[in-house]
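The structure appears right after this line, and notes come after that.
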Amino acid sequence: MVQWQLIRHQVALAGQVINAQTKKAIAKVEVMITKAPDAFTHRLGLKSLQHGDRSPYLTRTAFDGYFHFWDLPEGEYTLTASLPNASRRYGTAMITVTVPSNVEGKIIMTAVDMELPITVLKGNISNQNGEPVFMAEVRVKGSTESTFSNDKGQYSLIGLESSEIKRIAIVSAQGYQPTSQSVVISHPSTDLQPPLNFVLQG
């Protein structure tokens, strides 16, 4: 007679990865445990011997940006999140969390959310009198990305490909002469790119 053994798994870490600018969920982000207690690394070593898998503990976010890790021993963990296929648009995020246990030794689930930095070019557009220019188009030469300024003259271009080469940002609006500036789109990080402001001449 075949006997079945019921194995109950417990979620130890769960969270969501979102866009640091738009606050929207991001799918297919790789979330990796890059630092863990000795109890975890020992167990990972045993699994490597059994299955030949020496990669760090890794998961990916679902369509709604959520991820989780099962059956982790208590202790301090460092998680690193990245989007490999969009590394020139998104940076990495890192966070350290602690997985606790209760008096009975059972793991208590820890909630952790992460914000993935993304390239962003933003600034203000005004006229020669210092008044905001509404509906001015901002585009980057050689790309399809563009946006328009709001009623306060503010604009924001999100998700541009980073590059060490200077690119040309062009601004145009009805009733004004077009203008442009060169800019380097920095690799995304927690430090925002300096604003790029424009003054249009009528």
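The values are calculated or read from the model by the stated rules, or taken from the named source; none is laboratory data. Small disclaimer: the values here were computed from a predicted structure and weren't measured. Neighbour counts run over all protein chains shown; Cβ positions are idealised from the backbone, glycine included. Accessible surface is based on the protein model in full, side chains and every heavy atom, while ligands, DNA and RNA are left aside. Shrake-Rupley method; radii C 1.70, N 1.55, O 1.52, S 1.80 Å.
Averaged over every viewing direction, what's the projected area of the C-alpha convex hull for the chain? Give it in nm², one decimal, please.
On the way: hull surface 67.3 nm².
It is 16.8 nm².
Sequence-ordered 3J(HN,Hα) estimates for segment 149-155 from the Karplus curve with 6.51, -1.76 and 1.60 and θ = phi - 60° stand at 6, 8, 5, 9, x, 8, 9 Hz, glycine and proline given as x.
Ligands, DNA and RNA are left out, and with a 1.4 angstrom probe the accessible area of the chain is 63 Å² per residue. Surface composition of segment 73-202: carbon plus sulfur atoms hold 49% of the accessible area, using a 1.4 angstrom probe and ignoring ligands, DNA and RNA. With 0.36 nm allotted per residue and the present C-alpha distance subtracted, the Thr96-Met109 stretch has 3.2 nm of extension available.
Here the calculated FRET efficiency for Thr34 and Ser163, from their Cβ-Cβ distance with R0 = 30 Å, stands at 0.65, rounded to the nearest 0.05. Would you list, by chain and number, the lysines whose Cα falls below 22 Å from the Cα of Lys141, excluding same-chain residues fewer than 8 positions away? Excluding near neighbours in sequence, the set is Lys122, Lys166.
When you restrict to C-alpha pairs under 8 Å that are six or more residues apart and normalise by the size of segment 161-202, the relative contact order lands at 42 percent.
Close amide-amide hydrogen proximity is noted between Met114 and Gln16, Val17, Ile18, each under 5 Å apart and 5 or more residues distant or on a separate chain (H modeled in the peptide plane; Pro and chain starts excluded).
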